[in-house]
Amino acid sequence: MSNTEKTGIVMEGGGLRAIFTVGILDVLMENDIYVDGAVGVSAGACFGCNYKSKQIGRGLRYNLAFCDDKRYSGLESFLKSGDAFNADFCYNQIPNKFDPFDYKAFKENPMEFYMVCTDVLTGKAVYKKADEMNPSNLEWMRGSATIPLAGRIVRVDGRKLLDGGVSDSIPLKFMINRGYKKNIVIKTQPDGYVKKKNRFTPLVRYVYKQYPALVRAVANRHKMYNETLDYIVDMEKEGRCLVLAPDAELGIGNMEKDPENVLRGYLHGREVASRNLDVIKKYLGIPLIS
């Protein structure tokens, strides 16, 4: 596929709400639908990496197995380690022991993969290209998924990083600027959703008072997010993206503990992808089999 025809996937975060994205990606992989590049924010990056490694079902397996495990996430992890999502368990034990990540397949797949973080010193988005999932890039992934107040600042490659959703929640503009002409945008909130001002902004202002740019980014996130939604609507009208979103709010928490809710979100993602499979293929220029 030529550079002028590059196709991409944009994956929003949302903690365990992004299990919806896992369902969509599994259906795409089962139908051998792959694109030239993908970008993930927060959980979108954590779960979306399985698309580049072509591991169907992995994102569901470990989330079902560990969502209610205190080693995975929760208050105890936060009190013991300073991270609501336990860093060692999530980024070491799961991929290296409990549900092995296919590092070789990830590296050999030529699809470009980007992770979005927020630089706490500037409050701006940083886009990290990961050609392989090495220890440094796993730290970038952890930074992308570390929500302010819910985890320690991640220090890697001379940067201080937190949740990419603070600065660029749905990075469609980034992909278009990188030359991706057609993009599938996977949202984890339904169409019509409007983000409200973060009620924890005063606490963020106190805890991160030495990082004023980050505080401003958090305070203005709802504006940035809603402006991005307007941009996505405009780009969809121009054919620059195809949006896949839940039919209604998923009702799944960032640190969802109920496996039944996790499975429900996953199955809804599968249903949305299956329902739109011919639309997806047509949009990406994949021949339909009669």
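All of the numbers you see were taken from the coordinates with simple rules; none came from a lab. On a predicted model such as this, the values are computed, not experimentally measured, just so you know. All Cβ positions, even for glycine, are placed from backbone atoms using ideal geometry, and neighbour counts span all protein chains on display.
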Fraction of alpha-carbon pairs in the stretch 94-208 farther than 25 Å apart, rounded to whole percent, equals 32 percent
With θ set to phi - 60°, apply the Karplus curve 6.51 cos²θ - 1.76 cosθ + 1.60 along the stretch 40-56 and write out the HN-Hα couplings as whole Hz, x wherever there is a Gly or Pro.
x, 10, 6, 4, x, 6, 4, 8, x, 4, 5, 6, 6, 8, 6, 9, 4
Using Cα atoms only, what is the angle between the long axis of helix 221-237 and the major principal axis of the chain, expressed in degrees (0 to 90) to the nearest 10?
0 degrees
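Need one word for the stretch 231-290: rounded, prolate or oblate. Basis is the Cα gyration tensor (sqrt eigenvalues a ≥ b ≥ c); a/c below 1.5 gives rounded, then a/b vs b/c decides.
Verdict is oblate for the stretch 231-290.
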Taking Cα pairs closer than 8 Å and at least 6 residues apart, the relative contact order of the stretch 153-290 in percent is 27 percent
Alpha-carbon centroid distance for the pair the stretch 55-118 / the stretch 255-273, whole angstrom:
17 Å
Can you tell me, using C-alpha contacts under 8 Å and at least 6 residues apart, the relative contact order of the stretch 120-202 as a whole percent?
23 percent
State the percent of C-alpha pairs, over all pairs in the stretch 138-178, separated by a distance greater than 16 angstrom.
39 percent
Would you mind checking which residues have amide H under 5 Å from Ile184's amide H? H placed 1.01 Å from N; only 5 or more apart, or other chain.
Gly8, Ile9, Val10, Leu242
Tell me which GluC sites (Glu not before Pro) from the stretch 104-200 have a DSSP coil assignment and no more than 16 other beta carbons within 10 Å of their own.
Glu132
Output wanted: per-residue J couplings in Hz (rounded whole) for the stretch 269-280, from phi through Karplus 6.51 cos²θ - 1.76 cosθ + 1.60, θ = phi - 60°, x for Gly and Pro.
x, 4, 5, 5, 5, 5, 4, 9, 4, 5, 5, 5
Just name one of Gln93, Ala45, Ala213: the one whose Cα is farthest towards the positive end of the charge dipole of the chain (beta-carbon charges, Lys/Arg +1, Asp/Glu -1).
Ala213
Taking all pairs of distinct Cα atoms, average 1/r, flip it, and tell me the Kirkwood hydrodynamic radius of the stretch 140-272 in Å to one decimal place.
16.6 Å
What three numbers, in Å, describe the spread of the alpha carbons of the chain along their principal axes, ordered from the longest?
58, 40, 36
Can you give the helix-only mean residue ellipticity at 222 nm for the chain, where every DSSP H stretch with n ≥ 4 adds -39500 (n - 2.57) and the sum goes over all residues, rounded to the nearest 500 deg cm²/dmol?
-11500 deg cm²/dmol
Determine the dipole magnitude for the stretch 163-290: charges of +1 sit on the beta-carbon of Lys and Arg, -1 on that of Asp and Glu, nothing else is charged, the reference point is the Cα centre, and the result goes in debye to the nearest 20.
500 debye
Determine one quarter of the surface area of the Cα convex hull of the stretch 26-121, which equals its mean projected area, and express it in nm² to one decimal.
7.1 nm²
In whole Hz and in residue order, list the ³J(HN,Hα) couplings for the stretch 73-78 that follow from phi through the Karplus curve 6.51 cos²θ - 1.76 cosθ + 1.60, θ = phi - 60°; x for Gly and Pro.
7, x, 5, 4, 4, 5
Of the convex hull drawn through the C-alpha atoms of the stretch 146-213, the volume per residue in Å³ is 138 Å³
How many angstrom separate the Cα center of the stretch 122-146 from the Cα center of the stretch 187-233?
20 Å
Grab the stretch 1-156 and count how many Lys pairs have their alpha-carbon atoms under 20 Å apart, sequence gap of 8 or more, or different chains.
21
